[in-house]
Amino acid sequence: MDRTIVMLIGVVSLGVTLGIFFFDAELPLQSFAEDNSVHNPPKTITYTVIAEDTTLEIAPGTRVEAWTYNGTIPGPTLRATEGDRVIINFINNGKLPHTMHFHGDHNEKNDGVFQEVLPGESYVYDFIAEPAGLFMYHCHVMPVSEHIRNGLYGAFIVDPKEGLEPAREYVLVKGEYDLEDQETWTPDYVFFNGYADQYWNYPLPVKTGEKVRLYYVDMGAIAAFGFHIHGTIFDTIISGIWENKPIRTQTWEVSPGNAAIFEATWKDPGRYLFHLHGVPEEKGTMAYFDVRDASSDAVDGVEIARTKSIDMWEWQKQITINLQQPDANGEITKTSASSSGHSQHAPASTEIDESQIVETNLCDVETGSAVPSSNKSYYPKFNQANVGDTVTWTNKDVSVHTITSNDDLFDSGMMMPGDTFEQKFDDAGLYEYYCMLHPWMTGAVKIK
């Protein structure tokens, strides 16, 4: 081969090699993740999450009954990288059945719906974290909205395995609470991270020029309202899924059970509000960013997010704990109506239509009873037996139920699918009962 051609090929090859080297050298790989986990092989991450009943303050002077994961509303923010194995050791120390339902990809046994965990029992969720994005977890025991409103929810972040650009990161989980009716469309409070207007008194610190990444989850039940950030047009990653391309937004609506990731930057120092537009801004979602210039010697990854991200969740969590002051023995704020406890949901006595009474000692909890719209309940709804007879109920539904008398004379406790409960009646009379977990389910036994 001609020597000139050989030299030319050599020069070109060297140029390409150097070009590739310098191109790679310009990629800020260290900026993707402060723990340098980019491109690391998948790992196993284990969490312990405990469902426990307590009382919390959700606004100054307002203490409420709460069903929680790990003692606060919301529960802990769980985080993994795409492809990681996630193991959740779930322990139910509450008084009612609970689960952990995760949004995202997983199989049925890790879906947290039919595997209801009874008080005092535990369950292990074991799945691969995918896809990359922002998700939520919550209790899925029916009535789901009541379990969620009482506090059983949290955020689950799955980072892309290729990493993210550096940012100061915050987590905002929208919740709701009503002091009298946890299934109302007009709750008394709408808040971020379990406490009304907490980020008005404790604004979120930001530095000019740095990217702020907000992981926003809507765990409410009311209609979608626009999430608005002042002083900037921000990027929105729709539904919090990283494979979705960001769009430029001034306000973005997120509906219940959905999420979004917002990224914003401010050039000038100042106080810039964020809140839900509309009625919720008057019910506890008013907040702001305190944007200030960074000092010339600000530490990267500690005081400003230049090439290293800053995770602010622990800072946020401590503020929430200090405000909520968890206390299992705390005295809840009194209202004109009962609180959300299932034990206070015994229905009023109803008139019995004699034509509906069936003479039998056997009753079923019908399939589908846990869903209010199914119009299923106990069958027969009204049955008749004789003094000295024993009546047997069988749970033919896929959910947990109870047979609880209105006057506290009998209570089956938690009946798993397929369980039976027997009650002997020694005296004549009308014995009304209901399901403590699904109080729209009512029945009666007439003893003659």
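Work through the residues other than ASN107 whose Cβ is under 15 Å from its Cβ and net out their charges, Lys, Arg +1 and Asp, Glu -1. Neighbourhood net charge equals -3.
If you keep only loop residues by DSSP, which GluC sites (Glu not before Pro) in the range 349-390 have at most 13 other Cβ atoms within 10 Å of their Cβ?
Answer by residue number: GLU351.
Between ASP427 and ASN386, the modelled label-to-label distance comes to 2.1 nm, taking each label 7 Å out from Cα in the direction of the beta carbon.
Helix-only arithmetic for the chain: the sum of -39500 (n - 2.57) across DSSP H runs with n ≥ 4, divided by the residue total, places the mean residue ellipticity at 222 nm at -3000 deg cm²/dmol. Just to be sure I understand the curve: with the Debye formula and one point per C-alpha of the range 345-447, what is log10 I(q)/I(0) at q = 0.12, 0.13, 0.23, 0.24 Å⁻¹? Summing over Cα pairs of the range 345-447 leads to -0.33, -0.39, -1.33, -1.45.
Full extension from VAL371 to ALA298: what is 0.36 nm times the residue separation minus their Cα-Cα distance, to one decimal in nm? Before the final figure, lay out the partial values.
On the way: separation 73, 0.36 × 73 = 26.28 nm, distance 5.55 nm.
Extending this stretch completely gives an extra 20.7 nm.
Stretching the chain fully between ILE352 and GLU130 yields a gain of 74.6 nm (0.36 nm per residue, less the alpha carbon separation). Here the spin labels are modelled as points 7 Å beyond Cα on the Cα-Cβ line, and at ALA223 and ALA328 they lie 4.2 nm apart. Excluding same-chain neighbours fewer than eight residues apart, the aspartates and glutamates reachable from LYS245 by a Cα-Cα span under 13 Å are ASP235, GLU263.
The magnitude of the dipole of the range 30-324, with charges of +1 and -1 set on the Cβ of Lys/Arg and Asp/Glu and taken from the Cα centre, is near 560 debye. Name the residue farthest towards the positive end of the dipole of the range 345-447 from the options VAL358, HIS438, PHE382, assuming +1 on Cβ of Lys and Arg, -1 on Cβ of Asp and Glu, about the Cα centre. So the residue we want is HIS438.
Considering only PRO60, PRO166, THR402, and ranking their Cα positions along the charge dipole of the chain that arises from unit charges at the beta-carbon of Lys, Arg, Asp and Glu, the one farthest toward the positive end is PRO166. Dipole check for the range 194-277: with +1 at the C-beta of Lys and Arg, -1 at the C-beta of Asp and Glu, and the Cα centre as origin, the magnitude is about 240 Debye. Taking the DSSP bridge list for the chain and keeping only pairs wholly inside it, about 65 percent are antiparallel.
Model label points for LEU273 and MET416, set 7 angstrom from Cα along the Cα-to-Cβ axis, are 5.3 nm apart. At a Cα cut-off below 14 Å, give the aspartates and glutamates reachable from LYS381, other chains included and same-chain residues fewer than 8 away excluded. Within the straight-line cut-off, LYS381 pairs with GLU351, ASP353, GLU354, GLU359, ASP364, GLU366, GLU432.
Cα-based radius of gyration for the chain, normalised by 2.2 N^0.38 Å, reads 1.23. Considering only PHE421, LEU78, ALA260, and ranking their Cα positions along the charge dipole of the chain that arises from unit charges at the beta-carbon of Lys, Arg, Asp and Glu, the one farthest toward the positive end is ALA260.
Values in this text are rule-based calculations from the coordinates and carry no lab data. Small disclaimer: the values here were computed from a predicted structure and weren't measured. Glycine also receives a Cβ, built like all others from the backbone with ideal geometry; neighbour counts cover every protein chain displayed.
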